[in-house]
Every structure is written in structure tokens, then in C-alpha cells.
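To keep things clear, I will list the structure first and then write my remarks on it.
Every number in this text was worked out from the coordinates using simple rules, so none of it is lab data. What you see is a predicted model; the values in this text were computed from it and never measured. Using ideal geometry, Cβ is built from the backbone for each residue, glycine included, and neighbour counts are taken over all protein chains shown.
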Amino acid sequence: MTRIGPAVLKRLQQLARYVLAAVFLLSAIAKLLSPAQFREFVSQQIALGSNAILMISYGTVGLEVGIALLLLYRPFRFLGGVVSGGVLLAFTVALMFSMQTGSSTNCGCFGGLEGDMSIEVSILRNIALLCLSVFTTYSPTHAVEDHNG
């Protein structure tokens, strides 16, 4: 059996960080361009006024851009992996809660880009992205990267 060396794992981690950063940036841009679906989803989850929903919507966009920057900026990549994992976990729990309450409203996580994606598919997508976050944070190459470069 062939083993994957630390250099290859380090490159795979880097690729995973780039993919996650791109996903978070795409999600933020899509929410800015087509915010209605995400705001509707949030309003169904939390009973708040329209101003609070608007603040949550823009706050989520800012958080997603911040996560992308953390993932790309070398001194904060580990933190970016941790924060992205936490946010993805929170989003996934919100989707599961929505599914359990019988809501059929798409989360609007990617504005109108998702089309009619079901909540179940959104949950699976988030789990796959969560796996990438864990890989960027807890890969065996993490120790190599921190000490050698």
C-alpha cells in the first residue's frame, strides 16, 4: 500500500482551504445579490422583527467573508478552520431543526443559486464541507506545517 507523504497532505489541506474559502465567499456574494430566500428562512426559524432579520442577514455575510479571509491568511488558517467548522455545524443544526419542524423552505444559503435544493441535500452539502473544515484543522500535516513552514 502506498502512503501519502506530508507534502501531498499539506497540498490537499491547502486545496481544502481554498475550496472552503471560495464556498464562503460565493455564499456571501449570493446572499447580497439575492437576499430574500435567506431572510425568509431566518424569519421562519427565529421570531424577530424585520430589522433584526436584516441585521442577521448582513452579519452572516460579514461572518462568511471573515471566515474566507481567515482561511486564506497564513497566520489565521487554523482559526479559520475552527470557525468554519463551528459555523457549518451551527448552520447544519439549524437546517435539521427546520426539517424536523416540517418546513420545506430552502435555506437560501447561496441566494438564488441553489434553485430548489431540498433541505436534506443542503444538510449533506454542509456535512461534506464540515469534513473539509475538520481536515484543514486536524490533519496530520498540521504539526508539520506549524513547525516547518
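Here are some conditions: (1) buried (at least 17 other Cβ atoms within 10 Å of the Cβ); (2) closer than 23 Å to Gln14 by Cβ. Ser43 meets all but one. Which one does it not meet? Every condition holds for Ser43 apart from (2). Scanning the range 107-137 for residues that are hydroxyl-bearing (Ser, Thr, Tyr) and out of contact with any helix residue (DSSP H, G or I) (no Cβ under 6 Å at 6 or more places or on another chain) yields a single hit, Ser118. The single condition among (1) without any contact (Cβ under 8 Å) to a residue 12 or more places away in the chain; (2) more than 18 Å from Ala22 (Cβ to Cβ); (3) buried (at least 16 other Cβ atoms within 10 Å of the Cβ) that Arg125 does not meet is (2).
Got a number for residues in the range 89-113 being under 19 Å from Leu32 (Cα atoms), in contact (Cβ under 8 Å) with a residue 40 or more places away in the chain and in a helix (DSSP H, G or I)? Of the residues in the range 89-113, 3 are under 19 Å from Leu32 (Cα atoms), in contact (Cβ under 8 Å) with a residue 40 or more places away in the chain and in a helix (DSSP H, G or I).
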